[in-house]
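K.L.:
Quick one: structure below, then a few questions.
Each reported figure results from applying straightforward, stated rules to the coordinates on display, with no laboratory input. In this text the structure is predicted, and so the values were computed from the model without any measurement. Cβ coordinates were reconstructed from backbone atoms using ideal geometry, including for glycine residues, and neighbour counts include every protein chain displayed.
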Ligand code: GRF
């Protein structure tokens, strides 16, 4: 199987990006990480990329006169990377439909809730205010809606009575760090088949206990 090229887009802390770096380093994902793309020159994800020897591409949102100009620059960087898969891992901007269409089927996102519940910002806060007993995370293909594309992997966590937003977010984040590498691995092993809204996982090597979610 040909090793895939994967690229990550992140805007901040980058702990999901780190989980991907680590899973690639452990040989769990048959891929090379060919770049980190960020809209935020202060993102801690940049340090993580440099430590891992991954090229960094800063497309600073604030240095473009308009969203269109920003997206044109972003699109060029993404095209030049020629990745098989682009991963939104804490990328905090909504991509325009031009980019979403161009990378259709090769663009995935991680969201800290069990979609279709609680899309958009502050998903953990939304889950707490609604009063659900379980929440979790979702890795999905990106379409033109808000967190609405076909679901690849989901995992749930309990919501406890005493949880605040920070505690719940940390519990979900630990699950994200397992689900995102798992979804990327399945993609890179050519095991994802999208049929309408449903994603079928084709048989293959069993997932190790650490990467199972
Ligand atoms: C994660 O909770 C992710 O699901 C959401 O933003 C957060 C990013 O965290 N989209 P990190 O930057 O990966 O640590």
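K.L.:
Under a 10 Å cutoff between Cα atoms, tell me which one of 132, 153, 37 has the largest fluctuation in the Gaussian network model of the chain.
P.N.:
The residue that fluctuates most here is 132.
K.L.:
Moving to a separate point now. Between region 22-55 and region 152-208, what's the alpha-carbon centroid distance in Å?
P.N.:
Measuring centre to centre over Cα atoms gives 20 Å.
K.L.:
For the chain, with a Gaussian network of springs between Cα atoms less than 10 Å apart, report the residue from 17, 118, 141 with the top mean-square fluctuation.
P.N.:
118
K.L.:
Say each of residue 133 and residue 93 gets a label point 7 Å from the Cα, pointing the same way as Cα to Cβ; how far apart are those two points in nm?
P.N.:
Roughly 4.2 nm, to one decimal.
K.L.:
Please label the shape of region 37-121 as rounded, prolate or oblate, based on the square roots a ≥ b ≥ c of the eigenvalues of the alpha-carbon gyration tensor (a/c under 1.5 means rounded; beyond that, a/b larger than b/c means prolate, else oblate).
P.N.:
rounded
K.L.:
How big is region 115-194 along each principal axis, measuring the range of its Cα positions in Å and listing the largest first?
P.N.:
42, 25, 16
K.L.:
Pull out the extension gain between residue 117 and residue 63, defined as 0.36 nm times the separation in residues minus the alpha carbon to alpha carbon distance; nm, one decimal.
P.N.:
Extra length from residue 117 to residue 63 when fully extended: 16.0 nm.
K.L.:
Counting every Cα pair in region 4-201, what percent are over 25 Å apart?
P.N.:
That tail contains 34 percent of the Cα-Cα pairs.
K.L.:
Going 7 Å from the Cα of residue 81 toward and past its Cβ, which residues in region 105-136 have a backbone nitrogen under 15 Å from where you end up?
P.N.:
105-110
K.L.:
Considering the chain as a Gaussian network with a 10 Å cut-off on Cα pairs, which listed residue, 113, 23, 60, attains the greatest mean-square fluctuation?
P.N.:
In the Gaussian network model the winner is 60.
K.L.:
Distance from a point 7 Å along Cα→Cβ of residue 164 to each backbone N in region 106-134: keep the residues under 14 Å and list them by number.
P.N.:
Under 14 Å, as judged by backbone N against the label point of residue 164, lie 125 of region 106-134.
K.L.:
Taking 0.36 nm per residue of separation and subtracting the Cα-Cα distance, what length does fully extending residue 156 through residue 1 add?
P.N.:
Details: separation 155, 0.36 × 155 = 55.80 nm, distance 3.16 nm.
Additional length available on full extension: 52.6 nm.
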